[in-house]
């Protein structure tokens, strides 16, 4: 089933691209695009045991779009896609959608955002899937068979599908600012109380910190956020992401986003949009970005023993052809005349 | 401290990738199960079909939607809105529709046309029997309730690979795929693995071909161990079993390796293991027959799975090997392996039972000529 992986991914991306252009999160619109593209037909033509394997492949491809780091609209599209594929698949009994433990928090957060924004069809579809027991609660999003690849293919993730970078605001959120303010106050009070005993209050050697660190930090982050909004409103006509959730994300999402983004961009650590003009630094020490050994270094392959032998050794005629073909034990008991020297040839189908 | 929320709390019970799409970090299976069960409502993983009307009523109440909105929602999100063909024309789902626009379908159509153009279709044995085992067992319910796999039980998918002595495909295609529940012990996993080396008979039998061999290797060499995450799990059920891992452990100590520990196979449940998913581990039996073992999947039980506890460990996939036939008739599988044989065309040579006796013994059963004969168990004996 690996040979149709790329095509399946391209078809799903096509569907989601169309959905993104409509700027809506309604299931009606998604269903319209689905009917226009006649997407249910993607299951037709599979024979016998391929049905199950294909369902597994396409559900795995589609579940990627349901999870971060994609934007809210794409994630809604991913959810609708999963629902539609699950209902229209032809494997019976049906193949389930895999949900890993580490992604459960993201799914719950997504559901909460949808409820807050009153997108009833999103919530209905998600709860309908839970009701139909469409999920397998697993350890990993896909089956793992220690499939180490020499050259890891990094398919470029669609940038337009991604969510706007919001790590500064996630790092410096309200709780952090309050905590810092608290500590700042404590420090000031302690300093005042110890120094009141001595008369060294105005001594410059004890003023070691910035007085207005917390307000400054807050202002910088707010400026960044406004700059981002301005920049995006120049690019797009309408902000398609869910507004209220982007500023006050919990830090767990930040960590997840950071790790997934760094993986998506290969070994280069993700740089925010404001720094794109600078050289992207390649981070060899980052543990999460390292996936397979020797990424990028091309291996100098020595020609195999078989190749070297055939190059250097020359055996003439019949002896050579005999040496090359495999010995057939059955020939020992066959009549000379019954032997079929011409090898049978079957046309093999090449999956492009 | 609130600041600690900034760094994700390393909860080692949540499986994380060590290398993306290759394997995870080690995690305790029993704790993983508890983590999932603590996050889900019992109705989420139960086998029962819940009532649909109750679901809609609950939804309407929780979201605060009116009855008309609810009805509209139901209509819009129903499966009917995904139908891509007119209601009265049922399409043939076995063929690719003409004029496909989706890239997957275009590719599939090419293959369909290619197949149609072939005069003779080669029957692929692997395709024919690919899902045979699964078809037999999926969705099977037991007769008694006590035999049912409990809700919320963990199911592991384990791939066992060929021993390294086999030549083709030994590193990719699993020999067999087993499904096991978390409450099975490692000893049960061991018993479920069938390897031909267990059936080998030692000894030369040219003088006494009719004497049935007294024992097979499985009965003679009972020791075995599993190696997971630095712990050797030995099979100590029978008095003949020896601790064959002790040699390795002593060698490792003398060579500055991190120290390994030992445990009993029959006392360890799969739930108690701390393992990596997707990472190769070792199963060794017969002293030197080593198999790679990879746990490919760990998940909660689902209503579509085979729910009969008695059928577990469940075989879902078995790789079928070409068997080697007798050198004389090419019909029966070889049972005798001869060397230094003056009658045989090659050294060594395989014979089926009938041809072997006809060639090497006379009507009274006397041995004719010089040869050495060994009973042979073909690799495909389990097909």
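The values are calculated or read from the model by the stated rules, or taken from the named source; none is laboratory data. The structure displayed is predicted, hence computed values, not measured ones. Heads up, the Cβs are rebuilt from the backbone with ideal geometry, glycines too, and the neighbour counts pull from every protein chain shown.
Keeping to segment B:292-312, report how many residues are surrounded by fewer than 18 Cβ atoms within 10 Å (Cβ to Cβ) and within 15 Å of the chain's Cα centre (by Cα). So the answer is 1.
Taking the criterion of being modelled with pLDDT under 90 and facing another protein chain (nearest Cβ under 7 Å), the residues of segment A:103-122 that qualify are A:120, A:121.
Checking each residue in segment B:75-90 for being facing chain A (nearest Cβ under 7 Å) and in a helix (DSSP H, G or I) picks out B:76, B:79, B:81, B:82. All conditions in (1) more than 11 Å from chain A (Cβ to nearest Cβ); (2) closer than 20 Å to residue B:380 by Cβ hold for residue B:274, with the sole exception of (2). The residue list A:93, A:68 contains one member that is touching a helix residue (DSSP H, G or I) at 6+ places or on another chain (Cβ under 6 Å) and surrounded by fewer than 22 Cβ atoms within 10 Å (Cβ to Cβ), which is A:68.
Take residue B:199 and tell me if it is crowded, with 16+ Cβ neighbours inside 10 Å and either in contact with a helix residue (DSSP H, G or I) (Cβ under 8 Å, 6 or more places away or on another chain) or over 28 Å from residue B:315 (Cα atoms) (or both). No, not satisfied.
Tally the residues that are in contact (Cβ under 8 Å) with a residue 12 or more places away in the chain, touching a helix residue (DSSP H, G or I) at 6+ places or on another chain (Cβ under 9 Å) and within 10 Å of chain B (Cβ to nearest Cβ), restricting the search to segment A:45-56.
Qualifying residue count for the region: 5.
Being touching a helix residue (DSSP H, G or I) at 6+ places or on another chain (Cβ under 6 Å) and outside any strand (DSSP E or B) is true of residue A:80.
Screening segment B:286-315 for residues that are within 14 Å of chain A (Cβ to nearest Cβ), touching a helix residue (DSSP H, G or I) at 6+ places or on another chain (Cβ under 8 Å) and part of a strand (DSSP E or B) and picking the one that is nearest to residue B:179 (Cα to Cα) gives B:298.
Note on segment A:310-320: among residues that are part of a helix (DSSP H, G or I) and surrounded by 10 or more Cβ atoms within 10 Å (Cβ to Cβ), the one that is nearest to the chain's Cα centre (by Cα) is A:310.
Scanning segment A:129-152 for residues that are touching a helix residue (DSSP H, G or I) at 6+ places or on another chain (Cβ under 9 Å), at the interface with chain B (Cβ under 7 Å from one of its Cβ atoms) and either crowded, with 21+ Cβ neighbours inside 10 Å or not in a loop (DSSP other than H, G, I, E, B) (or both) turns up A:130, A:131, A:137, A:138, A:139, A:140. Considering only residues that are facing chain B (nearest Cβ under 10 Å) and buried (at least 18 other Cβ atoms within 10 Å of the Cβ), which ones fall in segment A:1-26? Once the filter is applied, which keeps residues that are facing chain B (nearest Cβ under 10 Å) and buried (at least 18 other Cβ atoms within 10 Å of the Cβ), segment A:1-26 yields A:4, A:7, A:8, A:9, A:11, A:12, A:15. Scanning segment B:41-54 turns up at least one residue that is touching a strand residue (DSSP E or B) at 6+ places or on another chain (Cβ under 9 Å), under 23 Å from residue A:92 (Cβ atoms) and in a loop (DSSP other than H, G, I, E, B). Report yes if residue B:72 is more than 32 Å from the chain's Cα centre (by Cα), at pLDDT 85 or above and within 9 Å of another protein chain (Cβ to nearest Cβ), otherwise no. Considered against the rule, which asks whether it is more than 32 Å from the chain's Cα centre (by Cα), at pLDDT 85 or above and within 9 Å of another protein chain (Cβ to nearest Cβ), residue B:72 comes out as no. Scanning segment A:155-205 for residues that are in a loop (DSSP other than H, G, I, E, B) and either under 20 Å from residue A:224 (Cα atoms) or modelled with pLDDT of 70 or more (or both) returns A:163, A:164, A:165, A:166, A:172, A:173, A:196. The set of residues from segment A:27-43 being within 8 Å of chain B (Cβ to nearest Cβ) and surrounded by fewer than 19 Cβ atoms within 10 Å (Cβ to Cβ) comprises A:28, A:35, A:37, A:38.
Looking at segment B:14-28, is at least one residue under 29 Å from residue A:43 (Cβ atoms), at pLDDT 85 or above and at the interface with chain A (Cβ under 9 Å from one of its Cβ atoms)? Within segment B:14-28, none of the residues are under 29 Å from residue A:43 (Cβ atoms), at pLDDT 85 or above and at the interface with chain A (Cβ under 9 Å from one of its Cβ atoms).
The residues of segment B:342-365 that are part of a loop (DSSP other than H, G, I, E, B) and within 14 Å of another protein chain (Cβ to nearest Cβ), listed by number, are B:343, B:344, B:345, B:346, B:347, B:348, B:352.
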